Amino acid sequence: MAASAYIVLPDELFEVSGGSAFSGELDLPELKAGPDTLRFTEPLPWNAYVSNTGEGALLVSGSITGVATIDCARCLEPFELDLEGELEGWIFLADPGDDLPEDMEEDEFVVIDEHHGVDIAPFLGAALVLDVPLVPLHDEDCQGLCPQCGKNLNEGPCGCSNEPDPDFEQARNPFAALKDFKFEN
């Protein structure tokens, strides 16, 4: 992700219980979400609140919203998906090195730079990815594609026979190859 959401932290954030609000827009043309690609035509508005936890780290929370174009998992047609991601992450005041807390992954934090700034774009991208459904569908009743000819079945039936393709059925159920197996008593 090449987009940036660089913020400079004010001095009050370095006092215990200090906090500051930030907002902006993330200009992000596209973002990979597993096998899917989210495409954005408009900048994504975000807001974040950064608070000092008193533990040598700052907690980042907030949200990002936008509309992505994504392909339906069944019929492969593009459709618009409203996203409302909740962001959360940590800003470390010093690089933790090998002293990273056990329950924390490297993509859950960033380290403040010498100008008291930090790019929170990784948190924004993660919030968007977490809001994408595991199987994005333009409609819950999407008929998908014909497994034999590839026609979009939402546009009407295809000319294929209604008999299931045996190779397709076997691929769906690997135990189908045993249906004619003769077991000895």
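The values are calculated or read from the model by the stated rules, or taken from the named source; none is laboratory data. Computed from a predicted model, the values in this text were never measured in an experiment. Note that each Cβ is placed from the backbone with ideal geometry, even for glycine, and that neighbours are counted across all protein chains shown. Side chains included, ligands, DNA and RNA excluded: accessible areas come from the protein's heavy atoms. Shrake-Rupley method; radii C 1.70, N 1.55, O 1.52, S 1.80 Å.
About its Cα centre, the chain has a charge dipole of approximately 900 debye under the convention of +1 per Lys or Arg Cβ and -1 per Asp or Glu Cβ, with nothing else charged. Solvent-accessible surface (1.4 Å probe) assigned to His115 amounts to roughly 120 Å². The lysines within cross-link reach of Lys32, meaning a Cα-to-Cα straight distance under 30 Å and a gap of 8 or more places when in the same chain, are Lys151. Which of Asp141, Asp71, Asp82 ends up with the largest GNM mean-square fluctuation for the chain, with Cα atoms connected below 10 Å? Among Asp141, Asp71, Asp82, the largest GNM mean-square fluctuation belongs to Asp141. For the chain, the solvent-accessible area works out to 65 Å² per residue, with a probe of 1.4 Å and every protein chain left in place. When Rg and the Kirkwood Rh are both derived from Cα coordinates, the Rg/Rh ratio for the range 1-82 amounts to 1.13. 3J(HN,Hα) couplings calculated from phi for the range 13-24 with the Karplus curve 6.51 cos²θ - 1.76 cosθ + 1.60 (θ = phi - 60°) are, in sequence order, 6, 8, 9, 4, 6, x, x, 8, 9, 9, 8, x Hz; Gly and Pro show x.
Protein-only accessible surface at a 1.4 angstrom probe places the residues Val8, Val129 in the order Val8, Val129, largest first.
Annotation: for a label point projected 7 angstrom from Cα along Cα→Cβ of Ser17, residues of the range 46-68 with backbone N closer than 15 Å are 51-55. Counting only protein heavy atoms and using a 1.4 Å probe, the accessible area of Glu15 comes to about 110 Å². Amide H contacts under 5 Å for Phe109: Trp90, restricted to partners 5 or more places along the chain or on a different chain, H placed in the peptide plane at 1.01 Å from N. Each of Trp90, Trp46 has its accessible area taken with a 1.4 Å probe; listed largest first, they run Trp90, Trp46. Heavy-atom accessible area for Ser23, with the other protein chains in place and a 1.4 Å probe, reaches approximately 90 Å².
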